[in-house]
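We did not get these values from a lab; they are worked out from the coordinates using the rules stated. Note that the structure is predicted; figures quoted are calculated from it, not measured. Heads up, the Cβs are rebuilt from the backbone with ideal geometry, glycines too, and the neighbour counts pull from every protein chain shown.
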Amino acid sequence: MERPGGTLRSAIARAQPLLLTITDKQASLAPAQGKWSPKEIIGHLLDSANNNLARFIRLQSTDSLLFEPYAQEEWVHVQAYIETDWSGLVELWARYNLHIARVMDLVPDDARSRQRREHRPLGSTYAPLPADGIPTLDWLMRDYVEHLKHHLRQIDLALVR
């Protein structure tokens, strides 16, 4: 099974050139009232990257998966991603996630695979939990990558070309 860092690099390599075929104007359009535009989706993924990088670093030295959630809608709104240059936003997203992939690769195996019985309710998850149902840092990193891929699929490239 490929490690999360490799899976993340592959997702970036596939998505970045496709994202850059979208114009700034197209990236500003929300598909429906109350839905995020592609700019806001990539902005949300940057917010997720920001929060998760800190988690991946801090959680290496703990026996739990306890961390604070963040207000996703507020973060997207306050940062006004809708007003941001699309190509610059995509470039920042790609480069930041390549750094995260590097950090993922550096996590020692014992920290990666340590079971974390103490954790907050997991809520929406994107990667399947280990067979025993006990999360690990490896699982959290895989969930991060699957979350990213989920949101990339929301940017329907066929509709914005």
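Here is how the numbers come out for the structure above:
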read-out	value
Highest average packing first - 103-113, 145-155, Cβ atoms within 10 Å	145-155, 103-113
Leu66, Leu19 arranged by Cβ crowding within 10 Å, fewest neighbours leading	Leu66, Leu19
For the range 4-160: relative contact order, % (alpha-carbon pairs under 8 angstrom, 6 or more apart)	36 percent
Dipole in debye (nearest 20) - the chain, about Cα centre, beta carbon charges: Lys, Arg +1; Asp, Glu -1	320 debye
Pairwise centroid distance, computed over Cα atoms, of the range 62-81 with the range 27-58, Å	10 Å
Cβ-derived FRET efficiency at R0 41 Å, Val78 paired with Arg153, nearest 0.05	0.95
Over the chain: helical MRE at 222 nm, DSSP H runs n ≥ 4 each giving -39500 (n - 2.57), nearest 500	-18500 deg cm²/dmol
Residue among Arg120, Arg102, Arg55 with the largest mean-square fluctuation in a Gaussian network model of the chain, springs linking Cα atoms under 10 Å	Arg120
Rounded D (µm²/s) - the range 78-161, Kirkwood Rh over Cα pairs, Stokes-Einstein at 10 °C, 1.306 mPa s	104 µm²/s
Structure-derived semi-axes √(5λ) of the Cα gyration tensor in Å - corresponding label in [x] 32, 19, 12; [y] 34, 26, 13; [z] 29, 16, 14	[z]
Relative contact order, percent, the range 1-93 [alpha-carbon distance under 8 Å, six or more residues apart]	40 percent
